[in-house]
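Pasting in a structure now, in structure tokens, and then I'll have a few things to ask.
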Amino acid sequence: RIWYCCFSVILVIIGVSLLIYGVAKERTISREQDDLDDIYNYDDGVFDDEDLSTPAYSPSRPSIPGGMPTPSVPTVEDKSPVHSSPIVPVIPSPTQLPTPATGIPTISPTIGNTPPITPKPTEKNWSDDAVLSLLKMAYSDAFSIPGADLSLLAEYEGALDPKIYANAAQSEKSIQWRSYEYLSNRSDIYDKNKEVLVMDVERILQIYALMCFYQNFEWEQEGAGECFWTGVTCHDVRGDAHKDVLFPSADDLRVVSLEVSGNGPNREEMPPLEGDLPMELMFLTYLQTLDVSHNKIRGKLSKTAILFWPDMRVLALNDNFFEGDIPSELGELDNLQKLTLHHNEFLGEVPTEVCMLREESLHFLWADCSPMPSTTLAKVSCTEDCCTICFEGYDDDGGPSTGGSSPSTPSETTHTVQNDEGSDLKTKLSDASTDGGMSLMDITTPQFHAYTWLVEDSARSSYSDERLFQRYALATLYFSTAGIQWTKSDGWTTTLDECKWYGVSGCDEADSEKIVSIELFGNNLMGTIPPELFIFIPNVINLNLANNQLRGEIPSEIGKLTKVNILELAENELTGQIPSDIGMLYNADHIFLQSNLLVGEMPWAVCQLRTEKSLTLLWADCRGSNARVKCSVKCCSTCFSSDENSMSASGSDNANNAETTADGDGQPLIENAPNSHNDEEGKVFDVLKKMAPDNGDTLKDSLSPQYKAYSWLVEKNYEP
């Protein structure tokens, strides 16, 4: 009997083991079969049970600056910026997702540029993956905010219907579906094996929005980094949380600018963009600049998208075929500084909500509010205290109201600047400029923008000419270097006294109208240096524009800064030769020009400042046999590598072994140069290093005040 019991137990154990093995084998075969299924994973059922057993998804939305909600969606890991509330780290069940309205057999032709497709019969059991679930939930959240057109939700969700588009020909797929396919095929966005998202949700929606935009206009972009796509500019949105981070992660970067103007430098030899403006741009919730001017974009401006742009500062829609009423939702953009609506098919009145922005931040509001000669009526009704410039509208042939085709340049367009009675200000600025006022005739120039901004200054009649020119010069610098994207721009282009604008200081106590210091180091200035900065602010003593993205040549008008003591233009993208006019800066103590793209010989007039005047430090890219700048030993106090933008090592041996030639004055030119700062043995450096609390780390940074003080000290022949 005991043996019988033991034998029975053994049989039971064997039976259970075989059962477990069979179940495990079946699941293994099932997984292998799943890998062979279609790449969208619609054939293999729903999520695993353990995924469905997670806590229910909360439909609450985090807030973004300005009080506008942004879509909240599930993800594997919460990497959202610090200003967002936590996101539930789960994958939702398909039963928890909003479903499109039934009874819609076709997709509206207004979505993208694709024709409607009739659904094909299918026997497959479709199920959304995590990417598709995310997109549908994002649309649902977007249309749930007050003011959104909820009737469009079914259409946009229908554009992501797998039953219609999963097996459709590529040419028949909606732009939304093609953009979804792009996302789902990127392994850095979606892990197909684990069926989870592996990228920050906000960034996924950002990529989706841009893909819809470029797909809509059939404009292919290269690479996976959306911040490097044409017209896109990104910033680190974490702000103070990342103030010490030199190179932020790609997940921390958000699109702040999309500039694809038909007249832009990135659109050379390209046809204009033609089609509707995709509403998916609403997912770019950090957008500050949207410039789609001078294209052939048609249709109505999405009211829902506008509600998701609380940080918008420049919205350039001019010279397109936008139609319908001007949306009153534009009045929700409290940070808007420039709105250009002219040369479109907008009709009616400029909404009161938009005009009210003129009392706050809106400096430029341009519309077709001048009467057309053919009808003596304006396309758009706008009061003088609302629109700053009124244009004549286009005729039906697409050209100006005077007939013909569109103007070849914006300067040819007929316009009227409101509030500039008699053009007295324009005449005064033209007479004082070096180009005879030509730049003031072109509405695209920073000079014209500065002029029209100054026109709106109600206190300008009380300004002296000197202060009027000073404000004009600073405003020109702001508009010439993309001021809306500066890191800090407190006070700029406001009615506040210009001496209180960020970076502007040191106004002479004896005459508070004179600016003596402009400090905009590392402030994300992007563009060219306007000559007006030197013409109209000649009393400046300290001018620091280093470590920005300034390009183009240094204006010859720089020679007018005869009182300047410190001139820092290093760490930019300046090109051309160093102007000899810098030799007129007789009071300069140090001039930093290194780490640029400047070429040629250091002008003799500049070198004279080192030998005959007060110039102590002169830094340039003059190190090595391939140096862009040729500079004599007695002229440049420190040479930097043109290739590495790094300071050369000190030492007399390097100086003695350097390959040199001679300039016209018989002075040797530095070819393979040392750091000729007269501390050949590093004695002064060693003394300062021992005294420094950071063990001399700041002395190794050529842009630090410690290194500048050290260089000045050794040039004064100090002996430790």
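Sort the stretch 142-217 into rounded, prolate or oblate with this rule: let a ≥ b ≥ c be the square roots of the eigenvalues of the Cα gyration tensor; rounded if a/c is under 1.5, and if a/c is not under 1.5, prolate when a/b is larger than b/c, oblate otherwise. Numbers along the way, then the final one.
Numbers: a/c = 1.68, a/b = 1.19, b/c = 1.41.
Note, shape of the stretch 142-217 comes out oblate.
Which residues' amide hydrogens lie under 5 Å from the amide hydrogen of THR434, considering only partners 5 or more residues apart or on another chain, with H built in the peptide plane?
Those lying under 5 Å, H to H, from THR434: there are none.
Tally up the carbon and sulfur contribution to the accessible surface of the stretch 149-203 as a whole percent, 1.4 Å probe, everything protein left in place. Before the final figure, lay out each step's value.
Details: 1000 of 2090 Å².
Carbon with sulfur: 48 percent of the solvent-accessible area.
Something else about it: From the phi of every residue in the stretch 586-596, what ³J(HN,Hα) in whole Hz does the Karplus formula 6.51 cos²θ - 1.76 cosθ + 1.60 yield, where θ is phi - 60° and glycine or proline is x?
5, 9, 5, 9, 8, 10, 10, 10, 5, 6, 10
Students sometimes get this wrong: rank LYS194, LYS683, LYS136, LYS689 by accessible area, probe 1.4 Å, all chains present, largest first.
Values: LYS194 140, LYS683 110, LYS136 15, LYS689 65 Å².
Order by accessible area, largest first: LYS194, LYS683, LYS689, LYS136.
Find, to one decimal place in angstroms, the Kirkwood hydrodynamic radius of the stretch 263-348, where the mean of 1/r is taken over every pair of different Cα atoms and then inverted.
Evaluated over the stretch 263-348, this radius sits at 13.2 Å.
Please report the net charge: other residues with Cβ closer than 12 Å to the Cβ of PRO555, K and R +1, D and E -1.
Working: positive: LYS560; negative: ASP435, GLU532, GLU553, GLU557, ASP581.
Taking every other residue near PRO555 into account, the sum is -4.
Still on this structure, please answer the following. In terms of the ratio Rg/(2.2 N^0.38 Å) built on C-alpha atoms, what value belongs to the stretch 180-241?
Numbers: Rg = 12.9 Å, N = 62, 2.2 N^0.38 = 10.6 Å.
Cα Rg divided by the expected 2.2 N^0.38 Å: 1.22.
Return the sequence-ordered ³J(HN,Hα) values of the stretch 190-206 in whole Hz as given by the Karplus equation 6.51 cos²θ - 1.76 cosθ + 1.60 applied to θ = phi - 60°, using x for Gly and Pro.
9, 8, 5, 5, 8, 6, 9, 7, 10, 10, 3, 4, 4, 6, 4, 5, 5
Can you give me the solvent accessible area of MET137 with a 1.4 Å probe, rounded to the nearest 10 Å²?
Spelled out: MET137, probe radius 1.4 Å, area about 10 Å².
Shifting gears a bit: So, with a 1.4 angstrom probe, what is the percent of accessible area on the stretch 441-556 that is carbon and sulfur?
Numbers: 1960 of 4160 Å².
Result for the stretch 441-556: 47 percent of the exposed heavy-atom area is carbon or sulfur.
Given H placed on each backbone N at 1.01 Å, which residues far from LEU365 in sequence or on other chains put an amide H within less than 5 Å of it?
Correct list: LEU339, THR388, ILE389.
Can you give the local net charge around TYR190? Use residues other than it whose beta-carbon is closer than 13 angstrom to its beta-carbon, Lys and Arg +1, Asp and Glu -1. Walk me through the intermediate numbers first.
Working: positive: ARG186, LYS192, LYS194, ARG203; negative: ASP128, ASP129, GLU181, ASP188, ASP191, GLU195, ASP200.
Surrounding charge for TYR190 is -3.
What does the net charge come to around SER261 if you take all other residues with beta carbon closer than 12 Å to its beta carbon, with K and R at +1 and D and E at -1?
On the way: positive: ARG267; negative: GLU259, GLU268, ASP291, ASP319.
Overall, the nearby charge balance is -3.
If you filter the stretch 199-234 for GluC sites (Glu not before Pro), then keep DSSP loop positions with at most 14 other Cβ within 10 Å, what is left? Don't jump to the answer; show the numbers that get you there.
Values: sites: GLU202, GLU218, GLU220, GLU222, GLU226; in loops: GLU218, GLU220, GLU222.
For GluC sites (Glu not before Pro) across the stretch 199-234 that sit outside H, G, I, E and B with at most 14 neighbouring Cβ atoms in 10 Å, the list reads GLU218, GLU220, GLU222.
Could you give the radius of gyration (one decimal) and Dmax (whole number) of the Cα atoms in the stretch 459-544, in Å?
My reading of the Cα-based Rg and Dmax gives 12.0, 35 Å.
Here's something else I'd like to know. Once amide H atoms are placed 1.01 Å from N in the peptide plane, what residues at a sequence separation of 5 or more from PHE640, or on another chain, have their amide H within under 5 Å of its amide H?
Hits under the 5 Å cutoff: ALA620, ASP621, CYS622, ARG623.
Rank these residues by their accessible area, most exposed first, probe 1.4 Å: THR304, THR575. Walk me through the numbers before you get to the answer.
Numbers: THR304 5, THR575 50 Å².
Result of the area sort, largest leading: THR575, THR304.
While we're here: State log₁₀ I(q)/I(0) for the stretch 463-618 at q = 0.10, 0.21 Å⁻¹ as given by the Debye formula over alpha-carbon point scatterers of equal weight, solvent excluded.
-0.33, -1.45
Take the Cα gyration tensor of the stretch 314-381, multiply each eigenvalue by 5, square-root it, and list the three semi-axes largest first, rounded to whole angstrom. The partial results should precede the final answer.
Values: eigenvalues 88, 28, 23 Å².
Here the semi-axes work out to 21, 12, 11 Å.
The values are calculated or read from the model by the stated rules, or taken from the named source; none is laboratory data. Everything numeric here is computed off the predicted structure, so don't read it as measured data. For neighbour counting, all protein chains shown are included, and Cβ atoms are generated from backbone atoms with ideal geometry for every residue, glycine included. These area figures cover heavy atoms from the full protein model, side chains too; ligands, DNA and RNA do not enter into them. Shrake-Rupley method; radii C 1.70, N 1.55, O 1.52, S 1.80 Å.
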